[in-house]
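Asker: Below are the structure tokens for one structure; questions will follow.
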Amino acid sequence: MQRQPLVIANWKMNGSRLLTSQLAAALREQAALLNDVAVVVCPPAVLLPNWQQEVFYDAVHLGAQDANEHAAGAHTGEHSLQLLSEAGADYVLVGHSERRQYYGDSSARVQAKVDAVLAHAGQKLKVVLCVGEQEHERDNGETVKVIEGQLATALANVSAAQLAHVVIAYEPVWAIGTGKTASPQQAQEVHAFIRNWLQQQYAAAAETVPLLYGGSVKADSAPALFAETDIDGGLIGGASLEPDAFLAICRAAQ
Ligand code: PEP
């Protein structure tokens with residue numbers, strides 16, 4: 001099945017109003033590229049309204065970097081799906097390794113967040129589930145076991161019909177923000193495993209799920225990664241803060 005390439009920018013706790021207008025201006029000039037490649041920008045939540053004011057082609061969407069699993073209430077500092085959606089987010093990252101490592105996103109919490117995103121407002125939102133092994137787990141030959149465990153827990157309550165609202169990002173933890181990228185072959189092996197696993201659980205519905213690679217993707221490493229059969233695009237951290245580099249990565253996904 002032909003899936004549209006997808007590239008997602010994860011600004012993390014970076015960016016500014018100025019960078020918002022700069023990247024939006026750069027994207028606005030890319031009508032032909034955006035016809036082929038769907039682009040999602042996940043700025044810090046406070047910048048979503050600024051992004052919302054920019055002019056977009058249909059292929060540019062906004063995303064949130066995280067969301068609280070509860071609908072509303074006493075959760076100081078958190079953002080609800082309703083508010084994120086009102087601020088323009090169509091996608092929500094869930095289970096990013098920085099959230100799992102530093103902000104208490106346990107497997108159970110990741111599962112609750114996936115369920116909450118998919119239950120929200122008749123599934124208008126899409127969830128971008130991040131999975132990935134740590135360096136010692138790869139060294140111990142446990143990569144596939146770790147990925148399988150993360151997928152099984154996070155998607156435990158997800159039906160085949162809901163899978164149309166799921167994106168999976170394979171992000172080896174040792175490659176995030178470190179400058180170390182998985183080789184195209186290493187990434188392809190894990191992506192092929194994920195695709196197979198999805199097929200076993202969901203049969204044909206698995207074909208719709210975009211599988212993205214993330215982990216220090218740069219303009220020069222993107223073409224070989226995106227050329228792999230089971231890599232449908234990328235989740236881009238550091239390089240998404242440089243409009244020229246980000247556009248080059250989007251072009252590599254074309
Ligand atoms: C990320 O945070 O999702 C990521 C892939 O970051 P970087 O590209 O900077 O490694």
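Asker: Please list, ordered by chain and number, the residues whose modelled amide H lies under 5 Å from the amide H of Ile236; skip anything fewer than 5 residues away on the same chain.
Answerer: Ile8, Ala9, Asn10
Asker: How would you classify segment 33-159 from its alpha-carbon gyration tensor, with a ≥ b ≥ c the square roots of the eigenvalues: rounded for a/c under 1.5, else prolate if a/b is greater than b/c, otherwise oblate?
Answerer: prolate
Asker: Still on this structure, please answer the following. Once the Cβ-Cβ distance between Asp90 and Gln4 is put in as r, and R0 is 22 Å, what FRET efficiency do you end up with, to the nearest 0.05?
Answerer: 0.95
Asker: Taking the Cβ of Ile147 as the center, what net charge do the other residues with Cβ under 11 Å away carry, scoring Lys and Arg +1 and Asp and Glu -1?
Answerer: It works out to a net charge of -4.
Asker: Another question about this same structure. Just rank Ile8, Ile249, Ile147, fewest to most, by other beta-carbon atoms within 10 angstrom.
Answerer: Going from sparsest to densest Cβ surroundings: Ile147, Ile8, Ile249.
Asker: Taking a ≥ b ≥ c as the square roots of the Cα gyration tensor eigenvalues, with a/c under 1.5 meaning rounded and otherwise prolate when a/b beats b/c, else oblate, which class fits segment 107-254?
Answerer: Since a/c reaches 1.5 and a/b is larger than b/c, the shape of segment 107-254 is classed as prolate.
Asker: Suppose every K and R has +1 on its Cβ and every D and E has -1 on its Cβ; what is the size of the dipole of segment 6-252 about the Cα centre, in Debye to the nearest 20?
Answerer: Charge dipole, segment 6-252, about its Cα centre: 320 debye, nearest 20.
Asker: Here's another thing I want to ask about it. Rounded to the nearest 500, what is the chain's calculated 222 nm mean residue ellipticity when only DSSP H runs of at least 4 contribute -39500 (n - 2.57) each, over all residues?
Answerer: -11000 deg cm²/dmol
Asker: List the residues whose amide H sits under 5 Å from the amide H of Ala169, counting only those 5 or more places along or on another chain, with H placed 1.01 Å from N in the peptide plane.
Answerer: Under 5 Å from the amide H of Ala169: Leu129, Cys130, Val131, Leu212.
Asker: Still on this model: Which lysines, if any, have their Cα less than 30 Å from the Cα of Lys145, not counting same-chain residues under 8 positions apart?
Answerer: Qualifying lysines at Cα under 30 Å: Lys12, Lys113, Lys126, Lys180, Lys218.
Asker: Between Glu29 and Glu135, what is the label-to-label distance in nm when each label sits 7 Å out along the Cα-to-Cβ direction?
Answerer: Simple spin-label model gives 3.9 nm for this pair.
Asker: Which of the GluC sites (Glu not before Pro) found in segment 114-183 are in a DSSP loop and have at most 15 neighbouring Cβ atoms, other than their own, within 10 Å?
Answerer: Sites meeting the loop and neighbour criteria: Glu142.
Asker: Sum up the charges of everything whose Cβ sits under 14 Å from the Cβ of Gly88, counting Lys and Arg as +1 and Asp and Glu as -1, but leave Gly88 out.
Answerer: Computed value for this residue: -2.
Asker: By how many nm would the segment from Thr229 to Ala192 grow when fully extended, if each residue of separation counts as 0.36 nm and the alpha-carbon distance is taken off?
Answerer: In short, 12.5 nm is gained.
Asker: Just to be sure I understand the model, the point goes 7 Å from the Cα along the line to the Cβ. What's the resulting Lys145 to Asp244 distance in nm?
Answerer: 4.6
Asker: Work out, step by step, the length gained on full extension between Asn157 and Ala72: first 0.36 nm times the residue separation, then minus their alpha carbon distance; give nm to one decimal.
Answerer: Full extension from Asn157 to Ala72 adds 28.4 nm.
Asker: If I take R0 = 41 Å and measure r between the Cβ atoms of Ala108 and Gln22 in this structure, what FRET efficiency does the formula 1/(1 + (r/R0)^6) give, to the nearest 0.05?
Answerer: With R0 = 41 Å, the Cβ-Cβ based efficiency is 0.55.
Asker: Follow-up. Identify all aspartates and glutamates with a Cα-Cα distance to Lys124 below 17 Å; exclude those on the same chain that are fewer than 8 residues away in sequence.
Answerer: Asp58, Asp66, Glu69, Glu86, Asp90, Asp115
Asker: Return the Rg/Rh ratio of the chain with Cα-based radii and a Kirkwood Rh.
Answerer: Over the Cα atoms of the chain, Rg/Rh equals 0.93.
FYI, it's all coordinate maths here, none of it is from the lab. Keep in mind it's a predicted model, so treat the numbers as computed, not measured. Positions of Cβ are backbone-derived with ideal geometry, glycine not excepted, and every protein chain shown enters the neighbour counts.
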